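Every number here is computed from the coordinates shown, using simple stated rules; none is lab data. Predicted model only: the values in this text are computed from it and were never measured. With ideal geometry, Cβ positions are generated from the backbone for all residues, glycine too; neighbour counts draw on all protein chains shown.
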Amino acid sequence: MTPPELPGPLTGLDQAAHLHSLAERIHHAADDLPAPESAHSLASISEEVEDQVRVVASIFSSLAHEAAVHGRAPKRHRGAPDALVHHKVVLMTRAADPLGWALAKLGEAVVQIGRLHEMSAGPRTPERTKALSRARADLDERLQSAHRHLTGAASTLHRNADLLVAAASGTGRAGLPSPVHRTWPPDAAPVSPPVSPNSSRTLR
């Protein structure tokens, strides 16, 4: 009987690379959301939100798929590589919660876009101008909230990837630094978990 393969830094790197790649996809989705007080037209904002809804939904689906496949996979032995993969799936699927919240906020943003389209079609009055301004502020708030959840999920995945490397190598510290990322305004910064300075992003 072949003994189970022992884990090592390379095995940890393989698993960590998956989490880092997923985190980067989420960070890019956050970056590609319309910025607060963007001068883009409503039509342009609508298309950008549509694109990122599709991207985030695809990532969310891939997390659910990974969990389902891992749950169906036969456990041939209790070897260390299986334990490492199990650990990776557990850490990875924790991103589903903030991703779900991000999707919910993007859904609210779509509702606000619909309201803005409706108001824009009405007669031009001072009241309409004020209503449009309030609705646009509400839209920005939804997008900022979605951005906050996305960056929080991605930053957590980066840290968890480093934990996988540390676990596989048997060290207390990971050998992979998290890449530098962009930040939105302070009121849009991730609340839980906080984003470290090394993983902050700046607007384009």
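Odds and ends about this structure:
- Under Stokes-Einstein, with the Kirkwood radius over Cα pairs as Rh, the value for the stretch 35-153 at 10 °C and 1.306 mPa s is 95 µm²/s.
- Distance between the stretch 88-147 and the stretch 34-64 - C-alpha centres, whole angstrom: 10
- Other residues with beta-carbon under 11 Å from the beta-carbon of A17 carry, at +1 per Lys or Arg and -1 per Asp or Glu, a net charge of -1.
- The stretch 92-172: C-alpha gyration tensor shape, a/c 1.5 cut-off, then a/b vs b/c: prolate
- Net charge of Cβ neighbours under 13 Å - reference R54; Lys, Arg +1; Asp, Glu -1: -4
- Total formal charge among the other residues, if their Cβ is under 12 angstrom from that of L164, Lys/Arg +1 and Asp/Glu -1: 0
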